[in-house]
Amino acid sequence: MFATMEAVRVEELHLASDPQTGLRAIVAIHNTHLGPALGGCRYLAYADEDSAARDAVRLARGMSYKAALAGLALGGGKAVIIRPPQPSSREALFEAFGRFVDKLGGRYITAVDSGTSGADMDCIARHTSHVTSTTAAGDPSPHTALGVFAGIRATALARLGSDDLEGLRIAVQGLGHVGYALAGHLSAAGAELLVSDIDESRVQLAVERFGAQPVSSEALLTVPCDILAPCGLGGAINPQTVGQLRCAAVAGAANNQLDSLEMGDELAARGILYAPDYVINSGGLIFVALQHQGRSPAEITAHLAQIGSRLSEIYAEALAEQRSPARVADSLAERLIYGC
């Protein structure tokens, strides 16, 4: 456990157990140099406790980097609740988690994530103020999509010479809340869409509303396109797929798109521009963080607009130093977090 923490420089790992509700939770606080740790709470089935802890630790580090490069006075954290086979009461379980979060004294602020909802955050909020993305706060997904859209325009400008998306072939992998909203923005901008999702009804909806071309999930990574936008599960760019890509750039909403940093090097070697995922998909974090701080909608919108500018800076530095954007982004984040 300590080796796992030390490998990614996690400050704290907290465990919570409440047999009465079935709560078994892990909270990883990666870094609080810039401010309290903010990160979502996952509610998923895990093979074992080690898998859950590794997920929390890995994702907490990503949240620190995301917050730093988003210009937020926050650190990174992540919670995972191991979903019991048959929870007696979901409401009671999340209330118990809320009591646990409150005991951390504000060092960790929780939010919605995979497997959780605004209603779950409402249960948590009954016992702590250190929570955001409640039903009253609203869904952060549209803001994530807006940030990714701005990032795609910046990526098109850097790689293709123009941020005009009219006529560009953009392949969107995954049509969840963020991917579908992104497809809507891209369609309105005149892009030619290729889409895939394991849920055929989502694909059909995109075909009907956006005139998208359906492509199987297996084939989407290999179709010729200008920009590939991974918006589903992580690890889409791995040793098996990296050599098959036929795109000019990769810019999407999914977390942990690269199987490893070496995949970023491989993309750069092939002339494929990569938008570091925790930079381009930071819109949701920006929204929940600034709303939690009581900022106005205008301030939030202005902050979202900076995502494209930050990517442009990363691309320029990557070109000047002949390094992959993934490595440049990590270096910039580490300077902010660790002062090195």
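Pairing each residue of the range 181-193 that is farther than 13 Å from Arg153 by Cα with any residue that is at pLDDT below 95, provided the two are 6+ apart or on different chains, yields C-beta distances under 6 Å for Ala181/Pro142. When Thr110 is evaluated against the numbered criteria (1) closer than 26 Å to Tyr278 by Cβ; (2) touching a residue at least 60 places away in the same chain (Cβ under 8 Å); (3) open to solvent by 30 Å² or more (accessible area, probe 1.4 Å), which criterion, by number, is the only one it fails? Among (1) closer than 26 Å to Tyr278 by Cβ; (2) touching a residue at least 60 places away in the same chain (Cβ under 8 Å); (3) open to solvent by 30 Å² or more (accessible area, probe 1.4 Å), Thr110 violates only (3). Of the residues making up the range 216-241, those that are in a loop (DSSP other than H, G, I, E, B) and either buried (at least 20 other Cβ atoms within 10 Å of the Cβ) or charged (D, E, K, R) (or both) number 6. Pro87 meets the conditions (1) touching a Gly at 6+ places or on another chain (Cβ under 8 Å); (2) assigned to a loop (DSSP other than H, G, I, E, B); (3) modelled with pLDDT of 95 or more in every case but one. The failed one is (3).
Every residue, every condition in (1) part of a helix (DSSP H, G or I); (2) without any contact (Cβ under 8 Å) to a residue 60 or more places away in the chain; (3) open to solvent by 20 Å² or more (accessible area, probe 1.4 Å), yes or no:
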{"site": "Tyr43", "(1), (2), (3)": "no, no, no"}
{"site": "Gly77", "(1), (2), (3)": "no, yes, no"}
{"site": "Ser114", "(1), (2), (3)": "no, no, yes"}
{"site": "Thr134", "(1), (2), (3)": "no, yes, yes"}
{"site": "Asp139", "(1), (2), (3)": "no, yes, yes"}
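The lone criterion from (1) part of a helix (DSSP H, G or I); (2) in contact (Cβ under 8 Å) with a residue 40 or more places away in the chain left unmet by Val172 is number (1). Quick one: count up the residues across the range 242-271 that are open to solvent by 10 Å² or more (accessible area, probe 1.4 Å), modelled with pLDDT of 95 or more and part of a loop (DSSP other than H, G, I, E, B). The total comes to 6. If you check Val57, Val101 for being hydrophobic (A, V, I, L, M, F, W, C) and under 18 Å from the mean Cα position of the chain (by Cα), only one passes: Val57. On inspection, Gly243 passes the criterion of being free of Cβ contacts under 8 Å to residues at least 40 places away in the same chain and of a type in the set (Gly, Ala, Ser).
On the given criteria, is Leu38 modelled with pLDDT of 95 or more, surrounded by fewer than 24 Cβ atoms within 10 Å (Cβ to Cβ), closer than 30 Å to Ser309 by Cβ and among the aliphatic types (A, V, I, L, M)?
Numbers: modelled with pLDDT of 95 or more: yes; surrounded by fewer than 24 Cβ atoms within 10 Å (Cβ to Cβ): no; closer than 30 Å to Ser309 by Cβ: yes; among the aliphatic types (A, V, I, L, M): yes.
Judged against the criteria, Leu38 is not a match.
Annotation: Ala206 fulfils all but one of (1) surrounded by 19 or more Cβ atoms within 10 Å (Cβ to Cβ); (2) under 16 Å from Arg246 (Cα atoms); the unmet one is (2).
The values are calculated or read from the model by the stated rules, or taken from the named source; none is laboratory data. Just so it is clear, the structure is predicted and the values come from calculations on it, not from any experiment. Note that we place each Cβ from the backbone using ideal geometry, even for glycine, and neighbour counts take in every protein chain shown. Areas reflect the complete protein model, heavy atoms only, side chains present, ligands, DNA and RNA absent. Shrake-Rupley method; radii C 1.70, N 1.55, O 1.52, S 1.80 Å.
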